[in-house]
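Here is the structure we will look at, set down as structure tokens.
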Amino acid sequence: MGFLRLLLFPFCLIYGLITWIRNKLFDWGILPPASFDIPIIGLGNLSTGGTGKTPHVEYLVRLLKDRYQIAVLSRGYKRKTRGYMIAEKNSTAREVGDEPVQISRKFPDILVVVSESRKKGIKRILKEHPEVNLIIMDDAFQHRYVKPGLNLLLTGYYKPFFRNYIMPCGNLREYKRGAMRADALVVTKTPTVFSPLDRRFFLRNLRPYYDKPNIFFSCFTYKDWHPIDERTPEIKDPDIKTIFLFTGIANTIALEEHLKRKCEELVVNKFPDHYQFKSTDLNRLRRQYNEKYSRSKIIIVTEKDAMRLQHPKLKETLKDLPVYYIPVEVGFNDDDREKFEKLVFDYLSGFKN
């Protein structure tokens, strides 16, 4: 890997220079970002994915939905459509993206919109939905044509940005010093037992790139398993010997660690982030499942994967297989929850509700 990075280093310099120039054009005001009269919270990361943005968006929605009329604005990554679209009850991942489908189904009372242009998307939301008084922008850290009032940067515990490299040597979208644009930094997917030694290690390594005080540490709480097909029975407290993890997300380390505690054998099938599953992939999974001799076996996908597996042809291919997804919710370590929520409410207090 070291030799490969050496070969790719000139391309890293070129890519890094391009992103540096682009950021400077915004910093100097040559490319002016748009501002709006309502609160806008942006979430994003320096890497190309795997930090758990969607569960953190959902955390903010749960926190604020009883006080605000919320719109969640996303690009709708990997969707097969273009332009401004609202995630409706029957929208599919191919139409609006897996993450907007997940959020809209979980929170049917809020507005979920996809638009490549965040600025145009916000203008249209405010014109057509004047009741909206808070916008949460998903994956917005590099989309600088809109300036969030509260800019949240996420980085993963298992692959923090200070141990990563700019593309193509790694998967950072820009230089590490870009973290300084954030109003707060959240280290995500930490172990539920998070030691003070771990905290000091991260704080020490983050300080060269982010010297502000607002650093928080969050973790995932894995909820009950749910079948992706209504014909499959629910299970509680499963005693499983073999779990087949079948997933297309950027980083599976935290999930794998969780599942290893639930079974004797974990068989992992990983695909690229936001991968559009094909029937051939599922037929291969079926063969693998059938050929495995085990007294108790099950297939697990993430909630985001489940959104992409709702296509009728894919559901038919999975028929009669025990396929379940695991919802996750965000928690915080120590007293970080109170501090994080205070930061959010202090920002929102500057606006009329």
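The values are calculated or read from the model by the stated rules, or taken from the named source; none is laboratory data. Worth saying up front: this structure is predicted, and the values here are computed from it rather than measured. Cβ: placed from backbone, ideal geometry, glycine included. Neighbour counts: every protein chain shown.
Take Leu31 and decide whether it is modelled with pLDDT of 95 or more and under 21 Å from Arg181 (Cβ atoms).
Working: modelled with pLDDT of 95 or more: no; under 21 Å from Arg181 (Cβ atoms): yes.
For Leu31, the condition - modelled with pLDDT of 95 or more and under 21 Å from Arg181 (Cβ atoms) - is not met.
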Residue hits (region 279-293; of a type in the set (Lys, Arg) and in contact (Cβ under 8 Å) with a residue 24 or more places away in the chain) are Arg286, Lys292
Taking region 5-35 and keeping only residues that are of a type in the set (A, V, I, L, M, F, W, C) and touching a residue at least 40 places away in the same chain (Cβ under 8 Å), one is left with Leu8, Phe9, Phe11, Cys12, Trp20, Phe26, Leu31, Ala34
The residue that is farthest from Tyr325 (Cα to Cα), considering only those in region 246-264 that are surrounded by fewer than 21 Cβ atoms within 10 Å (Cβ to Cβ) and in contact with a Leu (Cβ under 6 Å, 6 or more places away or on another chain), is Lys260
Looking for something in contact with a Pro (Cβ under 9 Å, 6 or more places away or on another chain), of a type in the set (A, V, I, L, M, F, W, C) and under 25 Å from Pro10 (Cβ atoms) - is there at least one such residue anywhere in region 164-178? no
Within region 11-45, restricting to residues that are assigned to a loop (DSSP other than H, G, I, E, B) and surrounded by 13 or more Cβ atoms within 10 Å (Cβ to Cβ), the one that is farthest from the chain's Cα centre (by Cα) is Leu31
All conditions in (1) farther than 27 Å from Tyr158 by Cα; (2) touching a helix residue (DSSP H, G or I) at 6+ places or on another chain (Cβ under 6 Å) are true of Gly29 except (2)
So, first residue closer than 19 Å to Lys123 by Cα in region 83-99, second residue modelled with pLDDT of 90 or more and of a type in the set (Asp, Glu), Cβ within less than 8 Å, six or more apart or across chains; the pairs are Gly83/Glu116; Met85/Glu95
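Residue check: is Val193 β-branched (Val, Ile, Thr) and modelled with pLDDT under 95? Don't jump to the end; show me each part of the working.
Values: β-branched (Val, Ile, Thr): yes; modelled with pLDDT under 95: yes.
When the stated conditions are applied, Val193 passes them.
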Cβ pairs under 9 Å, 6+ apart or interchain, first in region 58-82 and closer than 19 Å to Pro130 by Cα and without any contact (Cβ under 8 Å) to a residue 60 or more places away in the chain, second part of a loop (DSSP other than H, G, I, E, B) and aliphatic (A, V, I, L, M), ordered by first then second residue, are Lys65/Ile110
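Report yes if Ile41 is of a type in the set (A, V, I, L, M, F, W, C) and in contact with a helix residue (DSSP H, G or I) (Cβ under 9 Å, 6 or more places away or on another chain), otherwise no.
Values: of a type in the set (A, V, I, L, M, F, W, C): yes; in contact with a helix residue (DSSP H, G or I) (Cβ under 9 Å, 6 or more places away or on another chain): yes.
It is true that Ile41 is of a type in the set (A, V, I, L, M, F, W, C) and in contact with a helix residue (DSSP H, G or I) (Cβ under 9 Å, 6 or more places away or on another chain).
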Picked from region 279-331 (must be surrounded by 18 or more Cβ atoms within 10 Å (Cβ to Cβ) and polar (S, T, N, Q)), the residue farthest from Glu257 (Cα to Cα) is Thr317
Selection status of Asp273, at pLDDT 90 or above and not small (Gly, Ala, Ser): no
Within region 214-264, restricting to residues that are over 13 Å from Ile300 (Cα atoms) and in a strand (DSSP E or B), the one that is farthest from the chain's Cα centre (by Cα) is Ile215
Scanning for something of a type in the set (A, V, I, L, M), more than 22 Å from Val330 (Cα to Cα) and at pLDDT below 90, does region 231-252 turn up at least one residue? yes
Could we say that His226 is surrounded by fewer than 20 Cβ atoms within 10 Å (Cβ to Cβ), more than 19 Å from Tyr158 (Cβ to Cβ), touching a Phe, Trp or Tyr at 6+ places or on another chain (Cβ under 8 Å) and not charged (D, E, K, R) here?
yes
query = Quick one: is Arg231 loosely packed, with under 13 Cβ neighbours inside 10 Å, basic (Lys, Arg) and more than 18 Å from Lys189 (Cβ to Cβ)?
reply = yes
